[in-house]
Amino acid sequence: MTGSVEEQVALYGADGRPTGQAVPRSEMRARNLRHAATLIVVRNSAGEVYVHRRTDIKDVFPGRYDFAAGGVLQAGEDPYDAAVREVAEELGVTGVDLEPLGEHDYADEHTTYRAFAYTCVYDGPITWQPEEVAWGAWVGVERLRELVATLPFVPDTVAVLGERIMREA
């Protein structure tokens, strides 16, 4: 939320496109309405993936680990622009070109959305947004496989990108 005005979230149809409707974020979460979100896998030039743990105050999947930054598209926001905004806000990653990894659908009892996935290479400093990130580290793909098998990761990132990211060496 910004100030006292709650952010408006664009609703998305089954076709993966905006319906033209927008609702407050709290309503979208309470009713598990179909929306859009970004997922950005950040790698360094050594091929490691940045893994982080979400804070315990997140509105969905609190305290879980993730290997993608990202977030909900605001009403009227372009997916690429949202991805640039989210990776900068969440991890302090700026000045990168995002490579599209495609669009995917995800749904469970907590969230239903159209995912716009991206990746980038970044060797600069990581700066966590304190409300969103509690811990983070660079890990190799083999270590990521081990972590996903043993720690509570967010199910949406694993479902949407897990196979693709973890088969890469």
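Any read-out appearing in this document is the output of simple, stated calculations on the displayed coordinates, not a laboratory observation. Since the model is a prediction, treat every value here as computed from it, not as a measurement. Quick reminder, even Gly has a Cβ in these numbers, built from the backbone with ideal geometry, and neighbours come from all protein chains shown.
Values as computed for the structure displayed
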{"read-out": "Distant-in-sequence amide H partners of residue 58 (H built 1.01 Å from N, under 5 Å)", "value": "63"}
{"read-out": "Karplus-derived 3J(HN,Hα), 6.51/-1.76/1.60, for each residue of the stretch 106-112, Hz, glycine and proline x", "value": "9, 8, 8, 6, 9, 7, 9"}
{"read-out": "Gap separating the Cα centres of the stretch 56-79 and the stretch 118-143, nearest whole Å", "value": "14"}
{"read-out": "Per-residue ³J(HN,Hα) for the stretch 115-127, Karplus 6.51 cos²θ - 1.76 cosθ + 1.60, θ = phi - 60°, Hz, x for Gly and Pro", "value": "8, 10, 9, 9, 9, 8, 10, 8, 10, x, x, 9, 10"}
{"read-out": "Amide proton proximity set for residue 75, modelled H, under 5 Å, gap of 5+", "value": "8, 9, 10"}
{"read-out": "Stretchable slack from residue 109 to residue 44, in nm (0.36 nm times residue separation minus alpha-carbon distance)", "value": "20.1 nm"}
{"read-out": "Principal-axis tilt of helix 79-91 within the chain, Cα atoms, nearest 10 degrees", "value": "60"}
{"read-out": "Residue-averaged 222 nm ellipticity for the chain, from DSSP H runs of 4+ at -39500 (n - 2.57), nearest 500", "value": "-5500 deg cm²/dmol"}
{"read-out": "Among 46-58, 27-39, the order from most to least packed when residues are scored by Cβ within 10 Å on average", "value": "27-39, 46-58"}
{"read-out": "For the stretch 48-109, diffusion coefficient by Stokes-Einstein and Kirkwood Rh (Cα), 37 °C, 0.692 mPa s, µm²/s", "value": "249"}
{"read-out": "Whole-Hz couplings from phi, Karplus 6.51/-1.76/1.60, listed for the stretch 52-67; x for Gly and Pro", "value": "9, 10, 6, 5, 6, 9, 5, 7, 9, 6, x, x, 8, 8, 8, 10"}
{"read-out": "Net charge over other residues, Cβ less than 11 angstrom from the Cβ of residue 120 (K, R count +1; D, E count -1)", "value": "-2"}
{"read-out": "Distance between modelled label sites at residue 167 and residue 60, nm, 7 Å Cα→Cβ extension", "value": "2.6"}
